[in-house]
1. Accessible area of Met1, 1.4 Å probe, to the nearest 10 Å²?
2. What residue among Leu229, Leu53, Gly244 has its Cα farthest toward the positive end of the dipole of the chain, where the charges are +1 on Lys, Arg and -1 on Asp, Glu, each on the Cβ?
3. Write out the trypsin sites (Lys or Arg not before Pro) in segment 7-66 meeting two conditions: DSSP loop, and at most 15 other Cβ atoms within 10 Å of their Cβ.
4. Of Lys26/Lys97; Lys26/Lys190; Lys34/Lys80; Lys5/Lys60; Lys117/Lys262; Lys5/Lys270, which ones are farther than 24 Å apart at the Cα?
5. If only Cα atoms are counted, what is the Rg of segment 94-199, and what is its Dmax, in Å?
6. What part of the accessible area of segment 1-55, given as a whole %, is carbon or sulfur when the probe is 1.4 angstrom?
7. Can you figure out the FRET efficiency of Gln176 with Ile250, using R₀ = 25 Å and their beta-carbon distance, to the nearest 0.05?
8. Can you give me the C-alpha center-to-center distance between segment 107-134 and segment 244-288, rounded to a whole angstrom?
Amino acid sequence: MRVKKAVFPVAGLGTRFLPATKSTPKEMLPLIDKPLVQYVVEEAVASGIEQILFVTGRGKRAIEDHFDHAFELESLLEGKGKAAELCLVREIAEMAKIFFVRQKQALGLGHAILCAKEFVGSEPFAVLLGDDIIDAPTPCLAQLLDVYESYRAPVLALEKVPMVSISSYGCVRANQLSERIYEVLDLVEKPAIIDAPSDLAIIGRYILTPGIFPILEDQAPGKGGEIQLTDALLRLSKQESIFGRQFEGIRHDCGDKLGFLKATVDMALKRDEFNGSFEEFLRLRLCR
Ligand code: G1P
């Protein structure tokens, strides 16, 4: 069965970006001129996803508005003959079929995924976390789907990270099957460095199977008192094989201020519209 559905957990409060996120969802913070969440939706759509479920919470209405038509704005742009801008704004509302469900309590990532149970039904599905923006020639999710096609089993995006930062991630012990493909043997959510089974971190892209739902339903709270997806995946791995794909591409951790800044600079350096002037500005600054 082809993977057509994706789940985006977006209920988080974004406290690391206060006060910017006091009344704006962190997913709507722009990298140059596009909200973070749109980069991730574009990656999903480019990978063949047709239906997207946002698992939202209070104060996330701006995400709903962003992926809807904005009639006033559209007719204004039409009236002014701004065809390019009009197209840009309209396209967003037509990218995919979008659905919303509320995560009424902040009980963790595993709980957020459980809120997608009815939407998912009996199909395999993707999960994309909006903090991870991945710049890759082949979309990261499409790279995972490739592995799914071969094994018809859950697939996690993996990246080797410096050991000093392994405690910020879900970490796996895995058996390397080929250059970038692994079979996952063990998973630990945010381990202390000494307990980490490897330097392979789980990055925010997953292909999951509905077998995860009965496990999530009775998953006890783990790290931070939250229902962790990683803990449920460990239990799932006892029932069916789970694979990992060390993706090709550059990941920006936009859940963190420094990562967000680096992503902004990287994206700006790639934009033709600045015509080298941003690079020149950076050079001058660094020489001061
Ligand atoms: C979540 C997951 C973690 C994963 C990370 C990737 O953590 O729980 O396993 O490594 O996303 O970004 P979070 O960063 O939401 O705390």
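The values are calculated or read from the model by the stated rules, or taken from the named source; none is laboratory data. Quick caveat: nothing in here was measured; it's all calculated off a predicted structure. With ideal geometry, Cβ positions are generated from the backbone for all residues, glycine too; neighbour counts draw on all protein chains shown. Calculation scope for accessible area: heavy atoms of the full protein, side chains included, ligands and nucleic acids excluded. Shrake-Rupley method; radii C 1.70, N 1.55, O 1.52, S 1.80 Å.
1. Its accessible surface works out to 120 Å², give or take rounding.
2. Projecting each Cα onto the dipole axis, the largest value belongs to Leu229.
3. Here the trypsin sites (Lys or Arg not before Pro) that fit, given the DSSP loop and packing criteria, are Lys22, Arg58.
4. Beyond 24 Å: Lys117/Lys262; Lys5/Lys270.
5. Using the Cα atoms of segment 94-199, the pair Rg, Dmax is 15.7, 48 Å.
6. Carbon-and-sulfur percentage of accessible area, whole number: 55.
7. That pair, Gln176 with Ile250, gives E of 0.70.
8. 28 Å
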